Amino acid sequence: MSVLDNFDRWKEFLGDRVQQAQEAGMSNQQIEEVAVRLGEYLSNKVDPENPQERLLKQMWESSPSPDDKHAMARIMMNLVTKH
């Protein structure tokens, strides 16, 4: 079972990666840039495995501006780090 099969596992995985990046000294802006690139990759290359991922993909694809995608990346960071 991959982390993409279950949305809670996916959030936990992302939260762990964000925490590791912060502990390695990356700024939130740098982590956000990585999150945007990851969002682009997932949207273009990975089929959604569950309803939550389908919704995220639809939201990503309906957000043509870089500002919208950065906002989504920040929201996902907040979601997985439980701020």
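Rundown of residues vs (1) small (Gly, Ala, Ser); (2) on the phi > 0 side of the Ramachandran plot; (3) out of contact with any Gly (no Cβ under 9 Å at 6 or more places or on another chain); (4) loosely packed, with under 15 Cβ neighbours inside 10 Å, yes/no style:
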residue	(1), (2), (3), (4)
14	no, no, yes, no
19	no, no, yes, yes
41	no, no, yes, yes
45	no, no, yes, yes
59	no, no, yes, no
64	no, no, yes, yes
68	no, no, yes, yes
72	no, no, no, no
78	no, no, yes, yes
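Mind checking whether some residue in the stretch 6-27 is in a helix (DSSP H, G or I) and more than 19 Å from residue 82 (Cα to Cα)? No.
All of the numbers you see were taken from the coordinates with simple rules; none came from a lab. Quick caveat: nothing in here was measured; it's all calculated off a predicted structure. Glycine also receives a Cβ, built like all others from the backbone with ideal geometry; neighbour counts cover every protein chain displayed.
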